[in-house]
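In what follows, a structure is listed as structure tokens, so that the remarks can point back to it.
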Amino acid sequence: MKLDDFNNIDFNNAGSLPVPVKAVLLALIFFIILVLGYYFLWTEASTALDTAKAKEQELRQVFLTKKAQAINLKAYKKQMVEIEKTFGAMLRQLPDKSQMDGLLTDINQAGLSRGLEFELFKPGQETQAEFYAEMPISIKVLGTYHDLGAFATDISKLSRIVTLNNIAITTTSKDGNKDAKTAGKDAILVMEAVAKTYRYLDEDEIAEKRKAEKMAKDKSAKKG
């Protein structure tokens, strides 16, 4: 086989070509088909395979997560029961609307029973959350250190939830002199604070609140 054999190839008379030339031409054609097949078929199949492998890993991870949840299902159910019990106990510490006046009286009585003098006891504007309402009460009381401490303890022991916030304490005497050193034993403390009480919303209030939120959302959507 010589180079001239390839230069003088007559494809119209390919059957009469020498066997070595035919072999080379067939090998070349096979190689071209192989390259084209890889490019058009194998590359796409390889991409699909990689995608399938990634999906497999994702599904495997989902399976392992679900399996772990299934194994711990009893523990989750038990935990949910405990959470519901705890939530129910806390909810019972929130008075309803009809009990708020009694709670305010209890707070006031807790101070008077300790000999404190109220200079201010002013309920503020109630604010509503998802299922409860919060009412701040501005208070200003005068008394000794021991009496104020006992008052704070009594507040924490109420059957309903009451918290003392923004506490500020100054010294003064019973005659109004703010110089504690000159007042001596007559010096007392003045405590200003915000007592916050909470109550749960009844079904009508929750329904009205959700209705108002929906109307506000619809109104906002129309503007947008």
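Could you check how many residues of the range 191-224 are among the acidic types (Asp, Glu) and touching a residue at least 12 places away in the same chain (Cβ under 8 Å)?
Result for the range 191-224: 3.
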Open item on the list: Could you list, ordered by first residue, the pairs with Cβ atoms under 9 Å in which the first is in the range 62-81 and surrounded by 10 or more Cβ atoms within 10 Å (Cβ to Cβ) and the second is assigned to a helix (DSSP H, G or I) and among the polar types (S, T, N, Q), at least 6 apart or interchain?
Closed with: Tyr76/Gln69
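Report whether or not Thr86 is closer than 30 Å to Thr197 by Cα, hydroxyl-bearing (Ser, Thr, Tyr) and modelled with pLDDT under 75. Can you show your working first?
Details: closer than 30 Å to Thr197 by Cα: yes; hydroxyl-bearing (Ser, Thr, Tyr): yes; modelled with pLDDT under 75: yes.
Criteria met by Thr86.
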Open item on the list: Here is a list: Lys219, Lys185, Lys181, Lys209. Which entry is of a type in the set (Lys, Arg), surrounded by 12 or more Cβ atoms within 10 Å (Cβ to Cβ) and either on the phi > 0 side of the Ramachandran plot or modelled with pLDDT under 85 (or both)?
Closed with: Lys209
Open item on the list: Here's a check for you: in the range 102-159, which residue that is under 34 Å from the mean Cα position of the chain (by Cα) and assigned to a helix (DSSP H, G or I) is nearest to Glu192 (Cα to Cα)?
Closed with: Ala152
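The values are calculated or read from the model by the stated rules, or taken from the named source; none is laboratory data. Because the structure is a prediction, the values reported are computed rather than measured. Note: ideal-geometry Cβ built from the backbone for every residue, glycine included; neighbour counts use all protein chains shown.
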